[in-house]
Amino acid sequence: MTTIVEINDLKELARRRVPKMFFDYANSGAWTESTYRANEADFAKIKLRQRVLVDMTDRSLETTMIGQKVAMPVALAPTGLTGMQHADGEILAAQAAEEFGVPFTLSTMSICSLEDVAAATSKPIWFQLYVMRDRDFVLNLIDRAKAASCSALVLTLDLQILGQRHKDVRNGLSAPPRFTPKHIYQMATRPRWCLGMLGTKRRTFGNIVGHAKGVGDLSSLSSWTNEQFDPRLSWKDVTWIKERWGGKLILKGILDKEDALRAVDTGADAIIVSNHGGRQLDGAPSSITALPGIADAVGDKIELHLDGGIRSGQDVLKALCLGAKGTYIGRPFLYGLGAFGKQGVTMALEIIRKELDITMALCGKRNIEDAGPDLLY
Ligand SMILES: Cc1cc2nc3c(=O)[nH]c(=O)nc-3n(C[C@H](O)[C@H](O)[C@H](O)COP(=O)(O)O)c2cc1C
């Protein structure tokens, strides 16, 4: 039995427990994966100031993200196909996040539907929206998120067209997945995963099938998803989406100062500095490299969040010191889910909490809200 002490231990266990095509789907970036690697590597270049002989008792990691109380400033990022890392993955991850006291963001491309996840949790979740060409479907999805009492809409801006991930092409991964002899072999070598999947009915895109026009089965879904991401999405669209939604709005996928300033003008509540976990524009800077410039440009006009490359509580602290009010983890919780289901998501959060708490203390602070540039070397 592997001893789990860091996120990487969960990753290695997930590699052994999740069929290759789905593990690779999570563990991949676009093209050469240079931005994917930089997201993690650039955190390691930032050094912290070690302080001594300060009172380290009574520490607190509690703070807020878009005005909502969080046990620590780490939300679960929206990730598509999460129910393929583990049966009912979105439900399990949402429950783990709720028990821990951090937000869970459900992807448009989830396996479990909005309604199913809302029914399995007792506090509001956040919902991530992809804007599709079929605007009736989008309007309906916004209304469904409202009806499910979601407390924030996360509008993704950086996926008007899909970046290419070589591993997915080589594995023949498609949306929804096809089942060729190669895929069946990959699944058969993961019996625990198969048992879970046999025990659930949720095996396709729960937010789409039965809701989008002309999508009633798997083959119609495949052509629908391939055609539907809208390459014409523009800043004007943010206005009607904001109006239709009427609640807290977070704009996800900003990496450039000029775009950040446009985002401020929309009146959104927060932006997520993000390169989609290195899955879209390979060659773009890491999120943590982009953060200080964006923080400088927007000042306190909008709340800043960051995702991409966070693998430890230390990374969370560094992001806060450079101007983020909150952060998100994508792969770390997916690895936990693939390794141990719901318990694994909790483990990922616990690992990050402990690292964040100890790091903050060793930098001489007792309250996470006091994190600032003075903690950096
Ligand atoms: C497997 C996977 C699927 C993703 N699916 C979505 C998605 O459906 N919507 C979205 O806005 N972002 C999606 N993302 C991007 C994440 O929300 C987030 O930006 C990224 O994972 C952060 O980087 P990290 O994985 O290094 O923490 C996905 C990321 C991964 C790894």
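The values are calculated or read from the model by the stated rules, or taken from the named source; none is laboratory data. None of these values were measured; they are calculated from a predicted model. Cβ: placed from backbone, ideal geometry, glycine included. Neighbour counts: every protein chain shown. Heads up: the accessible areas ignore ligands, DNA and RNA and are worked out on the full protein's heavy atoms, side chains in. Shrake-Rupley method; radii C 1.70, N 1.55, O 1.52, S 1.80 Å.
Averaging over all projection directions, the Cα-based convex hull of the stretch 221-346 occupies 9.8 nm² in the image plane. Counting every pair of alpha carbons in the stretch 115-196, the share spaced more than 18 Å apart comes to 63 percent. The label-point distance for ALA361 and ARG262, in a model that sets each label 7 Å from Cα toward Cβ, rounds to 4.6 nm. Carbon-plus-sulfur accessible fraction, the stretch 149-206 (probe radius 1.4 Å, protein heavy atoms only): 63%.
With Cα atoms defining each centre, the stretch 72-93 and the stretch 337-354 are spaced 11 Å apart in the structure. Straight-line reach from LYS213: taking Cα to Cα under 24 Å and skipping same-chain neighbours fewer than 8 places apart, the lysines in range are LYS146, LYS201, LYS242. Largest to smallest in accessible area, the residues TYR185, TYR377 fall in the order TYR377, TYR185 (1.4 Å probe, all protein chains included).
Spread over its residues, the convex hull of the C-alpha atoms of the stretch 154-205 is 125 Å³ per residue. Annotation: the antiparallel percentage among DSSP beta bridges lying fully within the chain is about 15. In straight-distance terms, cross-link reach from LYS167 covers every one of the lysines whose alpha-carbon lies under 16 Å from its own, apart from those fewer than eight places away in the same chain; here that gives LYS20, LYS182. Per the Debye calculation on the chain with a single equal scatterer at every Cα and no solvent contribution, log₁₀ I(q)/I(0) for q = 0.09 Å⁻¹ amounts to -0.48.
Straight-line cross-link reach from LYS365 at under 25 Å between alpha-carbon atoms covers these lysines, not counting any fewer than eight positions away in the same chain: LYS45, LYS47, LYS69, LYS318, LYS325, LYS354. Based on Cα atoms of the stretch 138-268, Rg over Rh with Rh as the Kirkwood radius reads 1.03. When each of the peptides 83-91, 315-323, 227-235, 253-261 is scored by the mean number of other C-beta atoms lying within 10 Å of its residues, the order from highest to lowest reads 83-91, 315-323, 253-261, 227-235. Just round it to a whole percent: the fraction of Cα-Cα distances in the stretch 39-101 exceeding 14 Å. Within the stretch 39-101, distances greater than 14 Å cover 74 percent of Cα pairs. Please compute the net charge surrounding THR2, taking Lys and Arg as +1 and Asp and Glu as -1 over other residues with Cβ under 10 Å from its Cβ. That works out to -1. Near LEU261: Cβ cut-off under 12 Å, other residues only, Lys/Arg at +1 and Asp/Glu at -1. The net charge is -2.
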